[in-house]
Amino acid sequence: MEYIIIFIAAVFVNNIVLAQFLGICPFLGVSKKIDTAVGMSAAVAFVMTIATLVTFLIQKFALDPFDLQFMQTISFILVIAALVQMVEIILKKVSPALYQALGVFLPLITTNCAILGVAILAIKKDYNLLTSLVFAVSSAIGFGLALVLFSGIREHLEFVRVPQGMRGTPIALITAGLLAMAFMGFSGIV
């Protein structure tokens, strides 16, 4: 039951993008097309899950035993950067079209605060390894859900008559705010 509560909370109630405002850069930058949003969601999900696993192990077996908690952020960033490089190499070989579509946003996963935030939150919430992985996967699903929903709305906005001064970033920010408000409706569930 604990895992279901963590899942619902991470996907809907405490959505990493819409409630905690982490990962806004790829949320706004890669959300113009659904295909790109799905690819970015998959890449973020992979990196977020593996990064949480590796950073949890580093925290418990290297930083905590040697009283090096002050090295948490820098060591976590290095792990995430290495994982993003691995994903970049794999995508370049497996799906060159997706690699081209993600463009500059793929290396930006390295500095995506959602990935670092989930890794740190899993430690701060004192989760065990399995609970941390459930939290990471759930947060990644929540990130992907928000990104795909937002990109679908933005694709639809291309066919709607929007006033000249509201086109582009202004309407995207208003739409993101409305989407965040819609997700606030889930706040009483957990």
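The values are calculated or read from the model by the stated rules, or taken from the named source; none is laboratory data. For clarity, every value in this text was computed on a predicted model and none was experimentally measured. Heads up, the Cβs are rebuilt from the backbone with ideal geometry, glycines too, and the neighbour counts pull from every protein chain shown. For accessibility, only protein heavy atoms count, side chains too; no ligands or nucleic acids. Shrake-Rupley method; radii C 1.70, N 1.55, O 1.52, S 1.80 Å.
Here are some notes:
- Any chance Ile141 is over 18 Å from Phe76 (Cα atoms), surrounded by fewer than 23 Cβ atoms within 10 Å (Cβ to Cβ), in contact (Cβ under 8 Å) with a residue 60 or more places away in the chain and of a type outside the set (Gly, Ala, Ser): yes
- Options Leu53, Leu68; residue that is of a type in the set (A, V, I, L, M) and without any contact (Cβ under 8 Å) to a residue 40 or more places away in the chain: Leu68
- Check on Ala81, over 23 Å from Thr175 (Cβ atoms), out of contact with any His (no Cβ under 6 Å at 6 or more places or on another chain) and free of Cβ contacts under 8 Å to residues at least 60 places away in the same chain: yes
- Test: Phe143 is in contact with a Gly (Cβ under 8 Å, 6 or more places away or on another chain) and either under 21 Å from Ile24 (Cβ atoms) or of a type in the set (Phe, Trp, Tyr) (or both): yes
- Out of Gly117, Gly165, one residue alone is open to solvent by 50 Å² or more (accessible area, probe 1.4 Å), part of a helix (DSSP H, G or I) and out of contact with any helix residue (DSSP H, G or I) (no Cβ under 8 Å at 6 or more places or on another chain). It is Gly165.
- Ala182 vs. criteria open to solvent by 50 Å² or more (accessible area, probe 1.4 Å) and either in contact with a His (Cβ under 6 Å, 6 or more places away or on another chain) or among the aliphatic types (A, V, I, L, M) (or both): yes
- Per the conditions (1) modelled with pLDDT under 95; (2) open to solvent by 80 Å² or more (accessible area, probe 1.4 Å), the sole criterion not satisfied by Asp126 is (1).
- Look at region 7-23: where a residue is at positive phi and a partner is open to solvent by 50 Å² or more (accessible area, probe 1.4 Å) and modelled with pLDDT under 95, sitting 6+ places away or on another chain with Cβ atoms under 8 Å, you get Gly23/Cys113.
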